[in-house]
Amino acid sequence: MEMRKKLVFFIIPGGDAFIDDIINNLSNEYETKKVIVKTYEQINKWMKWADICWFEWCDWIVIHGSKQEIAKEKKIICRIHGYEVYTNNILRTKWENVDQLIIVAPHVRRIFEEKTKNLYKGNLKIETVFCGINTTLYPFKKRKKGFNIGYLGFMDFKKNIPLTLDIFKKLHDMDSRYKLHLAGKFKDGRTYEYYKYFIKYNKLEKDVLFYGWRNFHQKIEWLKKIQYILISSIDEGLCFAAAESMCSGIKPIIHNCEGLKDHYNEKYIFDNIDEAVKMITSDEYNSNEYRKFIEDNYSSAREKQEILKLLKNLIKKPEKHSEKNPLVTVGITNYNYINFLDECLNSVLNQDYNNIEILIVDDCSTDGSIEKIKEYEQKYKNIKAIYHSKNSGNPNLSMKEIIEIAKGEYFFILSTDDFLYDNNVISKHVYSFLNDKTLDCVYGNTQTVDCKSNKKAVWRSIQFNNDEVICKTFQKMGSGVIPFCRAMFKKDFFIKNKLKFIYDPDNVVGLDTLNTLVYVKYGFKRNIINCNTTCYRLHENNLTYNIKGRIKSIISAMEYIVNNFDEKIYIPEIQWDKYDTNKRKSIKMYKIGKHYFNTAMVYYNKNIRLLNRCICLEQEQIKEYIQPLILLSQKYLDKSITESEMYTKEIKILKAQIDSMKIY
């Protein structure tokens, strides 16, 4: 029987708030030891004992440990949480003796890399692994809007308590029933003195309640008091207080700072006092949603899997032969994106994975792209380009060609206006495939950026089974849930199933969704990497903004679902077995017809928000675009009546609404 590896965790006194769950989760696979360090002798002793040394913070402990001769013989891990990148600790650590750096938030990683880029010469392996929370420890309570606002945690400059107080003051002026519940500890005298002055000056002694520091049991009891958690910080990663509160069913109100948008949906984030007040006074309140958001994205089980993969890879690195280093084709589609070419291509060329074929398909560019691509071809042997003599009108033909021509065992498709998030994206995907030979597709989260590559929101990928993919796509009006152009595929899946990329020149926007639905029909297996892998650029030329083309793609996807999958999958709310054949058909046709009608109404009522941008169209233009949706709606409603008269009344009302819209 193979002996378990010895894993020691070095932690400063009081610095174990985020590590105990990780230690517990790893104790089955490793012989673990937690050392609260007070002396250098403790570090030296336990480094000799361990196979792997985990330094929980970039502090004096890792500075000492990384400089010891024995560090060269051990596997060394350091985890950075945030504050460390603002200190000289990152400059005093001997990074050449550190095998793996874990950073808990993308913005912290950015700052670290900017400050140390000339120190470790790019050789340090860095992984961004988001923190996790043990959701089972937090009792869930379904709540509704109320008047109790909470803050939980340390109180210092970073936490921006004055903004919290200003927001509360505005709410209290509107309605004196609002109360502010502060639980935690003041870490600096100035913040505490300001707090006391503010409360006294505004006569809020009875309305702002201070509880002091809470142990875990007291914290759980305190959380029962509030309906809102208000976080005004200027720098955060996961922000455990927000995550703990959401687990408990509490609505989050979180201040916009760089790290927050990597972790939380924009609907939970405010930019100013007025926005915070609006969020708190809004009728929108959904405890189940808040809990599910944390369960789906930040469970400790998910964090454990990421760390286990990292540790296994650290101990036993893949051998460098063909089976362990398969060829990957990165296909890049381009049309008049010369301004983005360098960033896209360099993000692929700078990968730490060394067996990549780059295929560039240029769709008859006129902006100088062709000349620049040819320069890259001449400079790099692994770059090959295909040049269209005539523009095809969209990137779909280029994607079809890439899949057919790709020599790689795996392929990954990018548009030139996008780029890979960091230099180990390809190796992460390949490692996931090598870890599980049954996989056909691997993908991660998407970081959105603007035209200048400034980071915006993060789109988090969620692992859905095949039935959930079909149902979600139908419910989301034909919008896909698998990012075809930001995923890596196994080419053998296409070969063994005799599949090709479906190309339809009339379906400009949504062929990626249609194709993934086809792959689901063939049962393709997927895995998600819980980190950012690609950067998707938001700009005015994104195909998503093509509303006419988008509606065609909606119809294409929804019709494919209707014609190829059982209605139990995409309309799960009906107890189908209760009905006979005719009534079942009638229900199915009515539900599909109403769904097309509802989809048309979203556009008709100008409720169009795509990629966080409102789309404004003239009413007559909208009527023209939604006509195909209305025609299909009527077709299915008529079929419903033919099968039975169950929905005669409802259909009559829908048709009257259609007539009043004067679409024709």
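For the range 579-603, which residues satisfy the criterion of being buried (at least 20 other Cβ atoms within 10 Å of the Cβ) and of a type outside the set (Lys, Arg)?
SER586, ILE587, MET589, TYR590, ILE592, GLY593, HIS595, TYR596, PHE597, THR599, ALA600, TYR603
In the set HIS255, HIS263, which member is in contact (Cβ under 8 Å) with a residue 40 or more places away in the chain, buried (at least 17 other Cβ atoms within 10 Å of the Cβ) and under 12 Å from TYR151 (Cβ atoms)?
Sole residue among the options that is in contact (Cβ under 8 Å) with a residue 40 or more places away in the chain, buried (at least 17 other Cβ atoms within 10 Å of the Cβ) and under 12 Å from TYR151 (Cβ atoms): HIS255.
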Out of curiosity, is THR516 among the polar types (S, T, N, Q), in contact with a Leu (Cβ under 9 Å, 6 or more places away or on another chain) and outside any loop (DSSP other than H, G, I, E, B)?
no
Counted residues in the range 29-64 being within 37 Å of the chain's Cα centre (by Cα), farther than 18 Å from THR93 by Cα and either β-branched (Val, Ile, Thr) or not in a strand (DSSP E or B) (or both) come to 7
Among the numbered criteria (1) on the phi < 0 side of the Ramachandran plot; (2) out of contact with any strand residue (DSSP E or B) (no Cβ under 7 Å at 6 or more places or on another chain), which single criterion is violated by GLY14?
(1)
Based on this model, can you work out whether ASN286 counts as in the same structural domain as LYS169 (by TED's automatic domain parsing), in contact with a helix residue (DSSP H, G or I) (Cβ under 8 Å, 6 or more places away or on another chain) and either more than 26 Å from ILE80 (Cα to Cα) or at pLDDT below 95 (or both)?
no
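Quick check on the range 5-26: of everything there that is in a loop (DSSP other than H, G, I, E, B) and either within 20 Å of ASN313 (Cβ to Cβ) or touching an Asp or Glu at 6+ places or on another chain (Cβ under 9 Å) (or both), which residue is modelled with the highest pLDDT?
Filtering first and then ranking leaves ILE12.
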Got at least one residue in the range 244-260 being modelled with pLDDT under 95, outside any loop (DSSP other than H, G, I, E, B), touching a strand residue (DSSP E or B) at 6+ places or on another chain (Cβ under 6 Å) and not assigned by TED's automatic domain parsing to the domain that holds VAL85?
yes
Can you work out which of the residues in the range 225-243 that are touching a helix residue (DSSP H, G or I) at 6+ places or on another chain (Cβ under 9 Å) and part of a helix (DSSP H, G or I) is nearest to THR136 (Cα to Cα)?
ALA243
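This table checks each residue for (1) of a type in the set (Gly, Ala, Ser); (2) part of a strand (DSSP E or B); (3) out of contact with any Asp or Glu (no Cβ under 8 Å at 6 or more places or on another chain); (4) closer than 15 Å to GLY212 by Cβ.
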{"position": "TYR151", "(1), (2), (3), (4)": "no, yes, yes, yes"}
{"position": "PHE157", "(1), (2), (3), (4)": "no, no, no, no"}
{"position": "HIS181", "(1), (2), (3), (4)": "no, yes, yes, yes"}
{"position": "ARG190", "(1), (2), (3), (4)": "no, no, yes, no"}
{"position": "TYR195", "(1), (2), (3), (4)": "no, no, yes, yes"}
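The values are calculated or read from the model by the stated rules, or taken from the named source; none is laboratory data. This one's a predicted model, so the numbers in the text were calculated from it and none came from an experiment. Cβ coordinates were reconstructed from backbone atoms using ideal geometry, including for glycine residues, and neighbour counts include every protein chain displayed.
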